[in-house]
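Engineer: What follows is a single structure, and I will ask about it in a moment.
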Amino acid sequence: MKANYHTHTTRCGHAFGTDEQYIRAAVEQGFDELGMSDHVPWPYKSGFVHHGVRMPITQLDEYVQTMRTLKEKYAQKISLRIGFECEYFPEYMGWLADMKQEKQLDYLIFGCHYDTTDEGGFYFGNAASAKHLVRYVDSAIKGIETGMFAYMAHPDVFLRRYQRVDENVRAAARDISQACKAKNLPMEYNLHDRYRLGEANGNGYPNPEFFEIVFAEGAKVIIGLDAHEPQEIADPTQWNLAMEETARFGERRIDALAF
């Protein structure tokens, strides 16, 4: 199968294009399965809304219902899966498990973006010190160990600003890879930054040195477009390159999730 499970919508505030444009692009590129996984709208007790990052909680039902309608509409052309990209926010994990069951979602993916919550928590994409990496690894491993997620999205997100692969980075990569391997959780070879920036190194992912460690530790990988516009699906360049780059993982490259 040819499948992508990391696809956003305009509801998050930083993606572009209509829902159907993403689906039609996937059909045209020969995808068998497309997963919609916009950023989950956490039900913050304070009423906080992270504009430009995730949809407000008031859009959750509309998102799910729209995807169900599109799933039926395109059933003869592609298998559409409905999910969310989520962080590990300890206070809200019970709500997340209940919401997944109530809305009958197909899957959740783990994007470790913020420390504790994004109401005021540190954004791990701005990591600049060993202390930041320790916090990232701690949050990542706790999220991995919940067993709630289908895979870990962009596990090398902390290298967006921390632009040197030192022993702290290598230790973080080993720890996260070992935790994912222990849980049989694939690690995403994320293509969004490389599509956006045109390169793999410096402020972007996938980071080649990080994935050398993933490979050495025996963890599984899965390719994810992390599409924020339909063109990321329509343009096969990055997908084809990633297929070549991850071929050495052999059976440890997961091309489709089991449902």
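Engineer: In a loop (DSSP other than H, G, I, E, B), closer than 17 Å to Glu232 by Cα and within 18 Å of the chain's Cα centre (by Cα), is that true of Ala15? Working first, answer last.
Structural biologist: Values: in a loop (DSSP other than H, G, I, E, B): yes; closer than 17 Å to Glu232 by Cα: yes; within 18 Å of the chain's Cα centre (by Cα): yes.
So Ala15 passes the test.
Engineer: On to the next question. Working only within the range 38-80, note down all residues that are surrounded by 17 or more Cβ atoms within 10 Å (Cβ to Cβ), basic (Lys, Arg) and in contact (Cβ under 8 Å) with a residue 24 or more places away in the chain.
Structural biologist: Result: Arg54, single match.
Let's see how each residue does on (1) more than 29 Å from Asn168 (Cα to Cα); (2) surrounded by 17 or more Cβ atoms within 10 Å (Cβ to Cβ); (3) in contact with a Ser or Thr (Cβ under 8 Å, 6 or more places away or on another chain); (4) in contact (Cβ under 8 Å) with a residue 60 or more places away in the chain:
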position: Tyr205; (1), (2), (3), (4): no, yes, no, no
position: Val214; (1), (2), (3), (4): no, yes, yes, no
position: Gly224; (1), (2), (3), (4): no, yes, no, yes
position: Ala234; (1), (2), (3), (4): yes, no, no, yes
position: Glu244; (1), (2), (3), (4): no, no, no, no
position: Ala247; (1), (2), (3), (4): no, no, no, no
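Engineer: Just for the range 201-259: of the residues that are small (Gly, Ala, Ser) and under 18 Å from the mean Cα position of the chain (by Cα), which one is nearest to Arg11 (Cα to Cα)?
Structural biologist: It comes out as Ala227.
Engineer: Which residue pairs have Cβ atoms closer than 8 Å, lie 6 or more positions apart in sequence or on different chains, and pair a first residue in the range 1-29 that is over 13 Å from Glu229 (Cβ atoms) and of a type in the set (Ser, Thr, Tyr) with a second residue that is assigned to a loop (DSSP other than H, G, I, E, B) and at pLDDT 95 or above?
Structural biologist: Every condition considered, the pairs that remain are Tyr5/Ala150; Tyr5/Tyr151; Tyr5/Leu257.
Engineer: Of (1) within 25 Å of Glu217 (Cα to Cα); (2) in contact with an Asp or Glu (Cβ under 7 Å, 6 or more places away or on another chain); (3) aliphatic (A, V, I, L, M), Ala150 satisfies all except one. Which?
Structural biologist: (2)
Engineer: So if I check each of Gly120, Gly83, Gly94, Gly125, which one is part of a loop (DSSP other than H, G, I, E, B) and more than 21 Å from Phe215 (Cα to Cα)?
Structural biologist: On the way: Gly83 fails: part of a loop (DSSP other than H, G, I, E, B); Gly94 fails: part of a loop (DSSP other than H, G, I, E, B); Gly125 fails: part of a loop (DSSP other than H, G, I, E, B).
It is Gly120.
Engineer: So in the range 81-98, with the set limited to residues that are over 20 Å from Phe259 (Cα atoms) and buried (at least 18 other Cβ atoms within 10 Å of the Cβ), which one is farthest from the chain's Cα centre (by Cα)?
Structural biologist: Per the criteria, the residue is Tyr92.
Engineer: From (1) within 17 Å of Phe210 (Cβ to Cβ); (2) basic (Lys, Arg); (3) touching a strand residue (DSSP E or B) at 6+ places or on another chain (Cβ under 9 Å), pick out the condition that doesn't hold for Arg174.
Structural biologist: Result: Arg174 passes all but (3).
Engineer: Name the single residue, out of those in the range 22-40 being in contact with a helix residue (DSSP H, G or I) (Cβ under 8 Å, 6 or more places away or on another chain) and in a loop (DSSP other than H, G, I, E, B), that is nearest to Gly111 (Cα to Cα).
Structural biologist: Filtering the range 22-40 for residues in contact with a helix residue (DSSP H, G or I) (Cβ under 8 Å, 6 or more places away or on another chain) gives 22-23, 25-26, 28-29, 31, 34, 36, 38-40.
The next check asks that each one be in a loop (DSSP other than H, G, I, E, B); those that pass are 29, 31, 40.
Details: Gln29: 26, Phe31: 23, Val40: 10 Å.
Of everything passing the filter in the range 22-40, Val40 is nearest to Gly111 (Cα to Cα).
Engineer: If we scan the range 120-132, do we find a residue that is among the basic types (Lys, Arg) and under 17 Å from Ala150 (Cα atoms)?
Structural biologist: So the first thing to find is which residues in the range 120-132 are among the basic types (Lys, Arg), and the list is 131.
Narrowing the set further to residues that are under 17 Å from Ala150 (Cα atoms) leaves none.
Taking every residue of the range 120-132 in turn, none turns out to be among the basic types (Lys, Arg) and under 17 Å from Ala150 (Cα atoms).
Engineer: Taking the range 128-160, which residues are part of a loop (DSSP other than H, G, I, E, B) and surrounded by 15 or more Cβ atoms within 10 Å (Cβ to Cβ)?
Structural biologist: Thr146, Met148, Phe149, Ala150, Tyr151, Ala153, His154, Pro155, Asp156, Arg160
Engineer: Is it fair to say Glu102 is closer than 24 Å to Gly30 by Cα, surrounded by fewer than 20 Cβ atoms within 10 Å (Cβ to Cβ) and acidic (Asp, Glu)? Give the steps one after another, and end with the answer.
Structural biologist: On the way: closer than 24 Å to Gly30 by Cα: no; surrounded by fewer than 20 Cβ atoms within 10 Å (Cβ to Cβ): yes; acidic (Asp, Glu): yes.
When the stated conditions are applied, Glu102 does not pass them.
The values are calculated or read from the model by the stated rules, or taken from the named source; none is laboratory data. Note that the structure is a prediction, hence the values are computed from the model and not measured. Using ideal geometry, Cβ is built from the backbone for each residue, glycine included, and neighbour counts are taken over all protein chains shown.
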